[in-house]
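Beneath this line is the structure, given in structure tokens, with notes to follow.
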Amino acid sequence: MSFFDFAWQWLTTAGHWSGSNGVPARLLEHVEYTALALVIAAVIALPAGVVIGHTGRGSLAVVSVANIWRALPTLGLLVLAFILSGGAAWAWVIPLVVLAIPPIMVTTHEGVRGVDADLKDAAAGMGMTSPQVISKVEIPVALPLILLGLRTATIQVVATATIAAYISLGGFGRYILDGLATNNYGLVAAGAVCVVVLALVVQFAFTGLARLIVPPGLRQRTRQS
Amino acid sequence: MSWAFSNASMLAHLLGQNAYLALVPVLAGLVVSLPLGILSVRWGWLYPPVLSITSVLYAVPGLALFVVLIDYTGLTDLTVMIPLGIYSLAVLFPSVVEGLRSVPDPVRQAAVAMGFGTWRRLVTVELPIATPVVIAGLRVAAVSSISLVSVGALIGIGGLGYLFTDGEQRNFTTEIVVGIVLIIVLALITDTVLVLARRVLTPWQRTDRRARRLASRRAALAVTAREASQT
């Protein structure tokens, strides 16, 4: 039997769709981890990216720091946070937030920084103040890229939230780690399939979101320079 | 600190293993993504489907890939290296395409006018111009790979990641911190080597700040576009 047969067999067993270890319950946990980590990361990275992109100060630092930042090993941060917090259940938040920050920060910064100088001049010429230029021109123009960064971060967090199971938490990682521990291949396969499907759903959701909130005049500009 | 010194030989071994497990797949990813990228620029229709495939693979959690591969490769280095190679490919492929697309049309036309054939143009004009963007992709791929190796520790092949699982079991934070620091050091060294390589390979960028800025922007976006379209 192939990987997909195993996954299919496990997923089509009715008993696996209810209870605290059922797919809906694990899905909810997985989405919960992802959402919380993303909100925290966005609260940190979005304003920072906008400010650095707007002022142009520290731009060079963003690129190099963001790159080395990616080296922070998720598993290491997880176990460290777990031990230092005295085994707190929220320890999974830290590695996931750390993971989500670079993509959001880099795209926001690049997006805001890349706004055409003529546009900003025109906005200032119309009498807009600096905060108005940021909120009415720079952020809307950068929006496609900002969404790209958020989507990237979300997908990475969805794929990585599996390791929360390592500190005895839930989410789809439970299936993968439990399956690994008990040599239950079907369980591992099902866990992997669930994560990939969730990542695909996120992908589509963000595409839809971009259609909804990106101003119509900017939709063709996603691919700049 | 004294723990780190008294275990220096073990740490050196793990560091070497980590570098090997992480960087060989990046090279493999580069070797595959170069021709794939060149073909995708040549025939534009090839790009979206290849991008979607590499992107879906990128969304598969590393741990799940390891476990799936154990069936085929057993508990060998390959089990960890194949997923890392796939991730590297997913990062590098759009960088190669984006890099080749960054070649300005007049430059390409000038090469044609000078009588350069397809191959000569590719090797002497297009690939050198694409180099900064490709190297930016390599930096992300290499650094991520170095960090991702540690997840392999959950199946017993994880380079410095061993320090995390072992430290967790022994409730020993020093060991974990040393592991994190060594991974960052390894990433910093690798990153620096790549930046130096870019300087050596693209001497014209040294004098042209604007070109460098444009290249770095394009690179950053290529990398994110890859990450974002990873499904």
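Scanning the stretch A:74-115 for residues that are facing another protein chain (nearest Cβ under 9 Å) and among the hydroxyl-bearing types (Ser, Thr, Tyr) returns A:Thr74, A:Thr107.
The set of residues from the stretch B:165-184 being under 14 Å from B:Met10 (Cβ atoms) and at the interface with chain A (Cβ under 7 Å from one of its Cβ atoms) comprises B:Gly167, B:Gly179.
Here is a yes/no grid of residues against (1) in contact with a strand residue (DSSP E or B) (Cβ under 6 Å, 6 or more places away or on another chain); (2) closer than 30 Å to A:Ala81 by Cα; (3) of a type in the set (Gly, Ala, Ser):
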| site | (1), (2), (3) |
| --- | --- |
| A:Gln132 | no, no, no |
| A:Leu147 | no, yes, no |
| A:Leu150 | no, yes, no |
| A:Ala165 | no, yes, yes |
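Screening A:Ala37, A:Ala25, A:Ala42, A:Ala14 for residues that are more than 26 Å from the chain's Cα centre (by Cα) and more than 14 Å from chain B (Cβ to nearest Cβ) leaves exactly one candidate, A:Ala14. Here is the figure for the stretch A:105-154: residues that are of a type in the set (D, E, K, R) and buried (at least 20 other Cβ atoms within 10 Å of the Cβ) total 4.
Does A:Ala159 satisfy being crowded, with 24+ Cβ neighbours inside 10 Å, more than 9 Å from chain B (Cβ to nearest Cβ), part of a helix (DSSP H, G or I) and aliphatic (A, V, I, L, M)?
Details: crowded, with 24+ Cβ neighbours inside 10 Å: yes; more than 9 Å from chain B (Cβ to nearest Cβ): no; part of a helix (DSSP H, G or I): yes; aliphatic (A, V, I, L, M): yes.
No, not satisfied.
Residues that are within 26 Å of A:Thr74 (Cβ to Cβ), not in a helix (DSSP H, G or I) and not polar (S, T, N, Q): does the stretch B:157-164 have at least one? Yes, some residue in the stretch B:157-164 is within 26 Å of A:Thr74 (Cβ to Cβ), not in a helix (DSSP H, G or I) and not polar (S, T, N, Q).
The conditions are (1) touching a residue at least 24 places away in the same chain (Cβ under 8 Å); (2) away from chain B (no Cβ under 14 Å); (3) over 25 Å from A:Pro47 (Cβ atoms), and A:Asp118 fails exactly one of them. Which is it? That leaves (1) as the condition not met. Within the stretch A:166-186, the set of residues being part of a helix (DSSP H, G or I) and either facing chain B (nearest Cβ under 8 Å) or surrounded by fewer than 24 Cβ atoms within 10 Å (Cβ to Cβ) (or both) comprises A:Tyr166, A:Ile167, A:Gly173, A:Arg174, A:Ile176, A:Leu177, A:Asp178, A:Gly179, A:Leu180, A:Ala181, A:Tyr185, A:Gly186.
Screening B:Gly161 with (1) farther than 17 Å from B:Gly85 by Cα; (2) within 9 Å of chain A (Cβ to nearest Cβ); (3) modelled with pLDDT under 90 gives one miss only, at (3).
The values are calculated or read from the model by the stated rules, or taken from the named source; none is laboratory data. If you're wondering where the values come from, they're calculated on a predicted model, not measured in any experiment. Cβ: placed from backbone, ideal geometry, glycine included. Neighbour counts: every protein chain shown.
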